[in-house]
Every structure is written in C-alpha cells, then in structure tokens.
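Trainee: Next up is a structure, given as structure tokens.
The values are calculated or read from the model by the stated rules, or taken from the named source; none is laboratory data. Predicted, not measured: the structure shown is a model, and the values here were computed from it. As a convention, Cβ positions derive from the backbone with ideal geometry for all residues, glycine included, and neighbour counts pool all protein chains shown. Only protein heavy atoms, including side chains, enter the accessible area calculation; ligands, DNA and RNA are left aside. Shrake-Rupley method; radii C 1.70, N 1.55, O 1.52, S 1.80 Å.
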Amino acid sequence: MPRLSRRARALIVATVLALFGAGLSATPAAAAGKVVYITFDDGPGVYTPQVLKVLAQYRVHATFFEVGQNVASHPSLTSQVYRQGNSVQNHSWSHPDLRTLSAAQFAYQVTATDRQIRSHTGYRPCCLRPPYGAVNGTVRARAAALGKKIALWTVDPRDWSRPGAGAIRARVLDHVRPGSVVLLHDGGGDRSQTVAALSGILKTLKARGYTFATWAR
C-alpha cells in the first residue's frame, strides 16, 4: 500500500474531525418534559450580579458563556456564577470571529479562556459558543480537536440591540418551545433592558409549566 503524503494525511484528519465536530453541536442533551435552557453571553460584567439576583429569586440556573478577558477582569463574578449552581462555559478570550483565525490563534482563544475559568471554578468548560454564532467546518474541527462541543441557540430576542424590555420579553415568550436554548447577554454593553425583561420571562415560563436546565457543569 503506498504511503500517504503529509498533505493527504492532514486532509483525512481534518475531515474526520469535521465529521466528529458536526455531532457535537446545536443543542444540549434532550431532557424529558417542558425544559428550557437560559443562556447568557459576553460576561461577566457589571450586570452579572443583577442577573444572578433575578435567577436566584426564581430558583433558576442558567448557562453563562464567558469571555476570557472579562473573567480575568472580574474573577470573583465568575466564582459567584458557578457557586450559585450555574454552568460556566467558553465564549473565547476576546470575542473574535473564530473563522478568521489561524490554528494557533484559535487554540489560544479557547485554551486561555479555559485556564481562566478553571482557575476560578475548578471546572474546565466542555462547550464553546463561537462569537456571533460564526461557525464553519474549520471551527467545528478545531473545537472538536480541543474536546469542545459547539453550543449555539434556538431563540434569539436580539437583546443586544436594546429594543426595550417588553420587546425582549415578548420575543422570548413568543418563540420558546420545549428544549429551546434562549440567547441573552449579561456583558458586552448596556444590559439593563435584559435584566428588566428577565423576571417576566422566568415568571411566565414557570407559569406555563416549564422547568430549567443548564449545559454540563
């Protein structure tokens, strides 16, 4: 049997990783009944304590996809998020479009964030949420090679655009279904409208019979 060239071997490895990565994305493991996954991106930051207060009020746990440089700036907040029973996962170090990076840059964005989160929680994230939801085959393959599941969402109220607390609340409640993954933000800008909308979202979903779960902790 002829020896494969280095390029051919690399191509085969990349293809296998891409196929493997395709099976590690989209939504968390299915749970029985009316379950919804509330997630927050871009923190920790000044609005994170307010988000945590509302979650605690309704006894709801969420998943926080944190930016590594923000963890470094607010380490006690990451510890608090985790201590309250929430899941802390990887959202890159500085929020770039991961599709545009070299392999070395990609690895740094993920592993540096892992180190920061682990140093303040004792836990190494198993999920990666690519900034902007920007994913292609290369991102999937590289994430899989680092042992990461790609974590996206199914309900996006575009709270980052600050359409008003009422609009954020209505957009979530109009589109939630059993198994939905809701994208909200606790960092990256003025998130006062998100905080204002959160209580009504959780109260209404509970009244509709929903329970809440997190991605792996």
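Trainee: Residue check, A170 against (1) buried (at least 16 other Cβ atoms within 10 Å of the Cβ); (2) without any contact (Cβ under 8 Å) to a residue 24 or more places away in the chain; (3) in a loop (DSSP other than H, G, I, E, B), all met but one. Which one?
Mentor: (3)
Trainee: Does Q89 fit the bill of being closer than 28 Å to K203 by Cα, touching a residue at least 24 places away in the same chain (Cβ under 8 Å) and either touching a strand residue (DSSP E or B) at 6+ places or on another chain (Cβ under 7 Å) or open to solvent by less than 40 Å² (accessible area, probe 1.4 Å) (or both)?
Mentor: It is true that Q89 is closer than 28 Å to K203 by Cα, touching a residue at least 24 places away in the same chain (Cβ under 8 Å) and either touching a strand residue (DSSP E or B) at 6+ places or on another chain (Cβ under 7 Å) or open to solvent by less than 40 Å² (accessible area, probe 1.4 Å) (or both).
Trainee: From the list V60, V46, V81, V54, which residue is more than 21 Å from Y132 (Cβ to Cβ), free of Cβ contacts under 8 Å to residues at least 24 places away in the same chain and surrounded by 14 or more Cβ atoms within 10 Å (Cβ to Cβ)?
Mentor: Result: V46 is the single residue among V60, V46, V81, V54 that is more than 21 Å from Y132 (Cβ to Cβ), free of Cβ contacts under 8 Å to residues at least 24 places away in the same chain and surrounded by 14 or more Cβ atoms within 10 Å (Cβ to Cβ).
Trainee: Does any residue of the range 155-166 turn out to be over 17 Å from V51 (Cβ atoms) and of a type in the set (S, T, Y)?
Mentor: Checking the range 155-166: at least one residue is over 17 Å from V51 (Cβ atoms) and of a type in the set (S, T, Y).
Trainee: Something else now. Take H74 and decide whether it is on the phi > 0 side of the Ramachandran plot and crowded, with 16+ Cβ neighbours inside 10 Å.
Mentor: No: the conditions fail for H74.
Trainee: Among the candidates G200, G188, which residue alone is among the small types (G, A, S) and open to solvent by 50 Å² or more (accessible area, probe 1.4 Å)?
Mentor: None of the others qualify; the one that does is G188.
Trainee: Then there is this: Is it the case that the range 6-25 has a residue that's under 17 Å from D114 (Cβ atoms) and either among the aromatic types (F, W, Y) or modelled with pLDDT of 95 or more (or both)?
Mentor: Checked against the condition, which is being under 17 Å from D114 (Cβ atoms) and either among the aromatic types (F, W, Y) or modelled with pLDDT of 95 or more (or both), the range 6-25 yields no hits at all.
Trainee: Kindly list the number of the only condition in (1) farther than 24 Å from S76 by Cβ; (2) without any contact (Cβ under 8 Å) to a residue 40 or more places away in the chain; (3) open to solvent by less than 10 Å² (accessible area, probe 1.4 Å); (4) of a type in the set (V, I, T) that fails for V110.
Mentor: (1)
Trainee: Of all residues in the range 123-157, how many are in contact (Cβ under 8 Å) with a residue 40 or more places away in the chain, open to solvent by 60 Å² or more (accessible area, probe 1.4 Å) and closer than 18 Å to R217 by Cα?
Mentor: 2
Trainee: Would you be able to tell me the number of residues in the range 177-217 that are in a loop (DSSP other than H, G, I, E, B) and not small (G, A, S)?
Mentor: So the answer is 10.
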